[in-house]
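Below is one structure, written out as structure tokens, with a few remarks after it.
The values are calculated or read from the model by the stated rules, or taken from the named source; none is laboratory data. Keep in mind the model is a prediction, meaning the values are calculated, not measured. Using ideal geometry, Cβ is built from the backbone for each residue, glycine included, and neighbour counts are taken over all protein chains shown.
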Amino acid sequence: MTAEFLLLAVVSSDGFIARHPGDPPWTWASPEEQARFRATMAEVAWSVMGRVTHETAPRPERKRIVFTSSVTGVAWLTPNHLGFNPAGARFDEVLDVAKVDGRVAILGGTRVHDYMLEIGKVDEIRLSIEPIAFGQGLPMFSGVAWAGVETHIATHGMARVGEDEVLNAAGTVERVYRKLPA
Ligand SMILES: NC(=O)c1ccc[n+]([C@@H]2O[C@H](COP(=O)([O-])OP(=O)(O)OC[C@H]3O[C@@H](n4cnc5c(N)ncnc54)[C@H](OP(=O)(O)O)[C@@H]3O)[C@@H](O)[C@H]2O)c1
């Protein structure tokens, strides 16, 4: 089995993924970004997310790996939702239990981004940037200011690919980063 890991995130123009925990992207992201997100998700079998993101958009029918300290290592929460606690298991173990194959979407939040980047399980980042500033909120990576995100990604062996793609007249763009060959 092989898996390809695609991190999908939408951020404000000052780099926040949410104004506060429980603030879902569909309340502020553009229709064009949301349409693209849905189209990508339609091609993904499994997604990976933190417990808060999972509960913000519960989808019993979708296959999910849910980070939570409420399980010891790896344990099914529901027939489609596999709980994972990095304190008690390695990520490869959760992939084996879930029999993950193909494309996997990484859907945040902040500490899930941290963990997946740190263990080298991000092959591509599709980052949409909305032309709306929050001033404060949840960052993409812990302790990394928006101005430092590109450098942070680069230090984990990834580089920007191509030009930003403009998604609408308001100025929403999509930026892509990919893992560099070893
Ligand atoms: N703009 C975007 O693209 C985007 C993407 C994702 C999420 N969001 C938004 O961001 C907000 C949620 O983000 P968030 O960062 O606050 O929360 P989150 O990552 O969705 O969930 C946090 C929870 O996940 C579990 N968790 C995460 N990392 C863990 C680790 N290393 N070990 C054990 N458990 C771990 C913990 O659950 P327990 O408390 O159960 O232990 C923690 O409380 C929501 O509003 C969501 O809609 C936006």
Name the single residue, out of those in the range 86-120 being at pLDDT 95 or above and of a type in the set (D, E), that is nearest to the ligand (Cβ to nearest atom). D114
For R59, all conditions in the list (1) without any contact (Cβ under 8 Å) to a residue 40 or more places away in the chain; (2) more than 30 Å from A170 (Cβ to Cβ) hold save one; what is the number of the exception? (2)
Give me a count of the residues in the range 53-77 that are outside any loop (DSSP other than H, G, I, E, B) and surrounded by fewer than 20 Cβ atoms within 10 Å (Cβ to Cβ). 6
So is V71 under 30 Å from G135 (Cβ atoms) and within 9 Å of the ligand (Cβ to nearest atom) or not? no
Inter-residue pairs, beta-carbon under 9 Å, first closer than 20 Å to R59 by Cα and of a type in the set (F, W, Y) and in the range 82-97, second assigned to a loop (DSSP other than H, G, I, E, B) and modelled with pLDDT of 95 or more, 6+ apart: F84/T68; F84/V71; F84/G73
If you scan the range 6-47, which residues turn out to be over 15 Å from I106 (Cα atoms) and either in a strand (DSSP E or B) or touching a Cys at 6+ places or on another chain (Cβ under 6 Å) (or both)? F16, A18
Would you pick out the residues in the range 67-93 that are under 25 Å from L127 (Cβ atoms) and out of contact with any Gly (no Cβ under 8 Å at 6 or more places or on another chain)? P86, F91
Of the residues in the range 78-126, those that are in contact with a helix residue (DSSP H, G or I) (Cβ under 9 Å, 6 or more places away or on another chain) and among the β-branched types (V, I, T) number 7
Scan (1) in contact with a Phe, Trp or Tyr (Cβ under 6 Å, 6 or more places away or on another chain); (2) within 12 Å of the ligand (Cβ to nearest atom) for the single condition L77 breaks and write down its number. (1)
